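Engineer: Below is the structure I would like to discuss, written out as structure tokens.
The values are calculated or read from the model by the stated rules, or taken from the named source; none is laboratory data. Source: prediction; values computed, not measured. Backbone-built Cβ (ideal geometry, glycine too); neighbour counts: all protein chains shown.
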Amino acid sequence: MSDAAPLLEVNDVSLVFGGVRALTDINFSVERGELFSIIGPNGAGKTSMLNCVSGRYSPNQGRILFQGRDVTRLRPNQRCQLGIGRTFQNLALFNHMTVLDNIMVGRHHLMRNNFFTGSLYWLTGAQREELDHRRAVEDIIDFLEISHIRKAVAGTLSYGLRKRVELARAVALKPDLILLDEPMAGMNLEEKEDMARYVIDLNEEWGMTVIMIEHDMGVVMDISHRVMVLDFGKKIADGLPEEVMRNEHVRTAYLGEEAASDADRNERVA
Amino acid sequence: MAGHATMRCGEFRTSYRADTTIFPTPMSRNFALGGVVVLLLAPLVLNAYYLNLLIQIGYYGIAALGLNILVGFTGQISLGHAAFFGFGAFASAWINNSFGIPVILSIPLAGLLTTAVGMIVGVPAGRIKGLYLAIATLASQFILEDFFARAEWFTGGSSGSLANSISLFGYQMGTDQRYFYVVLFFVVVMFLFGANLLRTRDGRAFVAVRDHYLSAEIMGINLTKYRILSFGISSFYAGIGGALYGHYLGFVSAEGFTILLSIQFLGMVIIGGLGSVMGALLGTTFMVLLPEVMTSLVGTVGDLLPGLSQGVAYIKQMAIGLAIILFLIFEPDGLAHRWKMIKAYWKLYPFSY
């Protein structure tokens with residue numbers, strides 16, 4: 001694998017549910033270290049695209065290459081081992097587990113103890129492994145500022161905190177590529193600012209390549225390196241945030257004139 | 001905040017090791033150790049009746065913990081647990097009788113054999129869930145019952161098979177007093193294994209599969225593997241429990257392992273608390289003692305109200321049914337949860353939280 005090859009390459013991917021064409025001939029690639037956003041109206045196929053990459057759906061046509069390797073037909077748990085992690089749009093935490101255990105599940109594929117060595121805890125090194133991973137998890141807990149709730153049961157937390165725990169769990173996978181499905185949906189301004197900071201830190205300090213679906217155009221334009229726009233399952237634009245903003249198709253399909261003028265104002269302020 | 005674990009005053013943890021112990025506080029650990037010591041002395045003071053009850057709680061408790069790993073932790077229903085329990089009983093007797101392997105070894109071997117059978121039955125579980133899985137396990141219950149009746153080489157068919165009593169280093173453990181220690185040993189070991197399993201990687205994977213299987217898969221957990229593994233481990237516990245049962249009674253016959261016992265196992269797990277190691281033991285204790293308490297209660301009242309004593313059998317059955325219904329309504333999280341509440345009450349008094 002050469003360094004020149006993109007981290008993720010999506011070639012001619014189409015996805016069909018019965019008569020509905022969720023995705024039609026999508027092509028894009030994401031370079032290592034990029035912060036890549038996917039935007040588009042509701043039902044445009046953004047989450048379907050992410051599901052194809054993470055392995056929930058398998059496309060009817062086309063190929064997905066990750067680190068130069070064809071992953072199109074791999075199970076989600078196999079892709080996770082290769083270094084693809086994700087969060088969900090609608091929360092998907094393990095609601096009856098503590099926050100700590102939720103994040104420890106993220107270490108699953110990095111741990112080696114099994115039901116037998118785990119049962120013999122003290123004799124087989126399972127304890128040592130658990131504690132090593134606990135340390136790594138505590139770093140993530142520190143980073144996302146959730147140390148006050150580490151013993152709380154995930155299902156009892158507020159929405160904003162659950163979103164953060166879910167991000168922590170995805171980070172615990174130690175992925176090369178992290179897929180964030182609307183990380184800021186339903187948050188107030190302050191929480192959004194925090195989340196945006198976490199995403200940037202993940203990208204710059206933790207060295208993770210990020211693909212993010214987000215509706216908040218202010219955030220998308222501010223932090224993304226590149227933006228792809230989907231509409232009715234088709235890609236209508238792909239490029240730098242400013243370029244995409246000026247694109248005629250995008251304005252009519254998604255932003256509408258009002259939102260477009262908002263974006264102009266954002267640009268002026270910046 | 002609701003989720004905060006309440007801790008005793010003066011309880012400071014300064015290492016992750018201290019934060020991952022089985023027992024939350026040194027106090028609770030000492031209580032558990034003290035309990036084991038008290039039990040070690042039990043055969044010296046208790047009469048045969050009470051010892052018999054304790055031994056029953058022991059072997060049913062091991063099987064109930066197995067079912068709790070499957071139903072409570074992995075979230076998969078099973079209506080065939082009694083069949084695995086019975087398979088363990090026959091298997092241990094068979095291994096001992098046909099190969100002359102000592103009973104102390106044939107018990108774990110029977111556990112392994114039951115694991116294999118459980119994993120075969122668990123294969124459909126990789127594909128089906130909920131009510132459909134309930135029916136699939138029900139089928140396995142009847143298939144195994146039929147197998148017990150027909151496979152004379154293995155079970156002795158309708159006449160049943162003899163299970164020798166256990167002997168250690170030429171020392172017969174056949175009496176209740178001595179057998180009690182064998183059962184206690186297995187209970188302690190199996191519950192320690194269970195508690196360890198559930199605080200490490202694969203235990204978390206089970207709970208993850210139960211709580212949200214789609215995101216569990218994204219977290220790198222192979223769903224099919226863990227669903228089948230859960231059946232295997234659950235059957236292992238059932239097999240060990242069954243083997244202990246067989247060697248205790250000295251005789252194993254197919255009639256004891258019907259669907260009724262399967263339902264009783266489910267009752268133990270639900271009353272004790274789904275998803276709690278301790279709950280399996282609490283629920284079993286409850287289910288074993290309830291009929292006895294009812295009998296003695298009816299015996300006492302029977303003196304005052306003649307005619308009641310003929311109805312003891314019915315009253316026992318109804319009491320068990322009623323207990324399950326009352327638990328489902330008032331304490332769906334089981335005795336383990338109630339126990340936690342009681343502990344929290346003591347720690348926090350006079351505040352409510």
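Engineer: So which of B:Ile77, B:Ile135, B:Ile104, B:Ile120 ends up being modelled with pLDDT under 95 and either polar (S, T, N, Q) or closer than 17 Å to B:Val183 by Cα (or both)?
Structural biologist: The conditions single out B:Ile104.
Engineer: Give me the pairs, please: first residue somewhere in segment B:328-345 and without any contact (Cβ under 8 Å) to a residue 12 or more places away in the chain, second residue anywhere and part of a helix (DSSP H, G or I) and not hydrophobic (A, V, I, L, M, F, W, C), beta-carbon distance under 7 Å, and either six or more positions apart or on two chains.
Structural biologist: Within 7 Å, the pairs are B:Glu331/B:His337; B:Glu331/B:Arg338.
Engineer: Name the residue, out of B:Gly34, B:Gly118, B:Gly75, that is surrounded by fewer than 24 Cβ atoms within 10 Å (Cβ to Cβ) and assigned to a helix (DSSP H, G or I).
Structural biologist: Among B:Gly34, B:Gly118, B:Gly75, only B:Gly34 is surrounded by fewer than 24 Cβ atoms within 10 Å (Cβ to Cβ) and assigned to a helix (DSSP H, G or I).
Engineer: Mind listing whichever residues of segment A:69-112 are at pLDDT 90 or above and among the polar types (S, T, N, Q)?
Structural biologist: A:Thr72, A:Asn77, A:Gln78, A:Gln81, A:Thr87, A:Asn95, A:Thr98, A:Asn102
Engineer: Another question about this same structure. Suppose the filter is β-branched (Val, Ile, Thr), within 23 Å of A:Asp181 (Cβ to Cβ) and within 7 Å of another protein chain (Cβ to nearest Cβ); does A:Val99 pass it?
Structural biologist: no
Engineer: Then there's this: It is to be established whether one or more residues within segment A:85-107 are surrounded by fewer than 17 Cβ atoms within 10 Å (Cβ to Cβ), of a type in the set (Gly, Ala, Ser) and either within 28 Å of A:His225 (Cα to Cα) or touching a Cys at 6+ places or on another chain (Cβ under 8 Å) (or both).
Structural biologist: No, segment A:85-107 contains no residue that is surrounded by fewer than 17 Cβ atoms within 10 Å (Cβ to Cβ), of a type in the set (Gly, Ala, Ser) and either within 28 Å of A:His225 (Cα to Cα) or touching a Cys at 6+ places or on another chain (Cβ under 8 Å) (or both).
Engineer: Of the residues that make up segment A:19-31, is at least one in contact (Cβ under 8 Å) with a residue 24 or more places away in the chain, closer than 18 Å to A:Pro175 by Cβ and touching a strand residue (DSSP E or B) at 6+ places or on another chain (Cβ under 6 Å)?
Structural biologist: Yes, the conditions are met somewhere in segment A:19-31.
Engineer: Which of the residues spanning segment B:106-125 are in contact with a Ser or Thr (Cβ under 6 Å, 6 or more places away or on another chain) and either within 17 Å of B:Phe142 (Cα to Cα) or not aliphatic (A, V, I, L, M) (or both)?
Structural biologist: Scanning segment B:106-125 gives B:Ser106, B:Thr114, B:Thr115, B:Gly118, B:Val121.
Engineer: Follow-up question, since we're still on this one. Note down all Cβ pairs under 6 Å where the first residue falls in segment A:223-235 and is assigned by TED's automatic domain parsing to the domain that holds A:Ala196, the second is part of a loop (DSSP other than H, G, I, E, B), and they're at least six residues apart or on different chains.
Structural biologist: A:His225/A:Glu34; A:Val229/A:Gly40; A:Leu230/A:Gly40; A:Leu230/A:Ala44; A:Leu230/A:Gly45; A:Asp231/A:Gly40; A:Asp231/A:Ala44; A:Gly233/A:Gly45
Engineer: From B:Ala91, B:Ala63, B:Ala82, grab the single residue that is surrounded by 24 or more Cβ atoms within 10 Å (Cβ to Cβ) and in contact with a His (Cβ under 9 Å, 6 or more places away or on another chain).
Structural biologist: Result: B:Ala63 is the single residue among B:Ala91, B:Ala63, B:Ala82 that is surrounded by 24 or more Cβ atoms within 10 Å (Cβ to Cβ) and in contact with a His (Cβ under 9 Å, 6 or more places away or on another chain).
Engineer: When the residues of segment A:149-160 are narrowed to those that are crowded, with 20+ Cβ neighbours inside 10 Å and part of a helix (DSSP H, G or I), which ends up nearest to the other protein chains (Cβ to nearest Cβ)?
Structural biologist: A:Ile149
Residue by residue, here is whether (1) within 11 Å of chain B (Cβ to nearest Cβ); (2) in a loop (DSSP other than H, G, I, E, B); (3) in contact (Cβ under 8 Å) with a residue 24 or more places away in the chain holds:
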residue: A:Arg79; (1), (2), (3): yes, no, yes
residue: A:Leu91; (1), (2), (3): yes, yes, yes
residue: A:Asn113; (1), (2), (3): yes, yes, no
residue: A:Thr117; (1), (2), (3): yes, no, no
residue: A:Arg164; (1), (2), (3): no, no, yes
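Engineer: Counting only residues that are part of a loop (DSSP other than H, G, I, E, B) and farther than 17 Å from A:Lys192 by Cα, which one in segment A:203-219 is farthest from the chain's Cα centre (by Cα)?
Structural biologist: Looking at residues that are part of a loop (DSSP other than H, G, I, E, B) and farther than 17 Å from A:Lys192 by Cα, I get A:Glu205.
Engineer: Can I ask one more? So B:Met27 fits all but one of (1) surrounded by 15 or more Cβ atoms within 10 Å (Cβ to Cβ); (2) at pLDDT below 90; what number is the exception?
Structural biologist: (1)
Engineer: Within the group A:Pro59, A:Pro6, which residue is touching a residue at least 24 places away in the same chain (Cβ under 8 Å) and surrounded by fewer than 21 Cβ atoms within 10 Å (Cβ to Cβ)?
Structural biologist: A:Pro6
Engineer: Another question about this same structure. Working only within segment A:119-148, note down all residues that are aliphatic (A, V, I, L, M), part of a helix (DSSP H, G or I) and at the interface with another protein chain (Cβ under 9 Å from one of its Cβ atoms).
Structural biologist: A:Ala126, A:Leu131
Engineer: Select from segment B:14-26 the residues that are more than 8 Å from chain A (Cβ to nearest Cβ) and under 25 Å from the mean Cα position of the chain (by Cα) and write down the one among them that is nearest to A:Arg134 (Cα to Cα).
Structural biologist: B:Thr21
Engineer: Suppose we filter segment B:215-242 for residues that are aliphatic (A, V, I, L, M), surrounded by fewer than 24 Cβ atoms within 10 Å (Cβ to Cβ) and more than 9 Å from chain A (Cβ to nearest Cβ); how many remain?
Structural biologist: Result for segment B:215-242: 1.
Engineer: Somewhere in segment B:318-340, is a residue within 28 Å of B:Ala149 (Cα to Cα) and part of a helix (DSSP H, G or I)? Step through it out loud before you land on a result.
Structural biologist: Just the residues of segment B:318-340 that are within 28 Å of B:Ala149 (Cα to Cα), to begin with: none.
There is no residue in segment B:318-340 that is within 28 Å of B:Ala149 (Cα to Cα) and part of a helix (DSSP H, G or I).
Engineer: Residues in segment A:44-56 that are free of Cβ contacts under 8 Å to residues at least 60 places away in the same chain and at positive phi: how many?
Structural biologist: 1
Engineer: If you don't mind, there's one more thing I want to ask. Just for segment B:197-214: of the residues that are under 18 Å from the mean Cα position of the chain (by Cα) and more than 7 Å from every other protein chain (Cβ to nearest Cβ), which one is surrounded by the fewest Cβ atoms within 10 Å (Cβ to Cβ)?
Structural biologist: Selected residue: B:Leu198.
Engineer: A follow-up question, please. Which one of these is touching a residue at least 60 places away in the same chain (Cβ under 8 Å) and within 19 Å of B:Ala243 (Cβ to Cβ): B:Phe87, B:Phe99, B:Phe73? Working first, answer last.
Structural biologist: Details: B:Phe99 fails: touching a residue at least 60 places away in the same chain (Cβ under 8 Å); B:Phe73 fails: within 19 Å of B:Ala243 (Cβ to Cβ).
So the residue among B:Phe87, B:Phe99, B:Phe73 that is touching a residue at least 60 places away in the same chain (Cβ under 8 Å) and within 19 Å of B:Ala243 (Cβ to Cβ) is B:Phe87.
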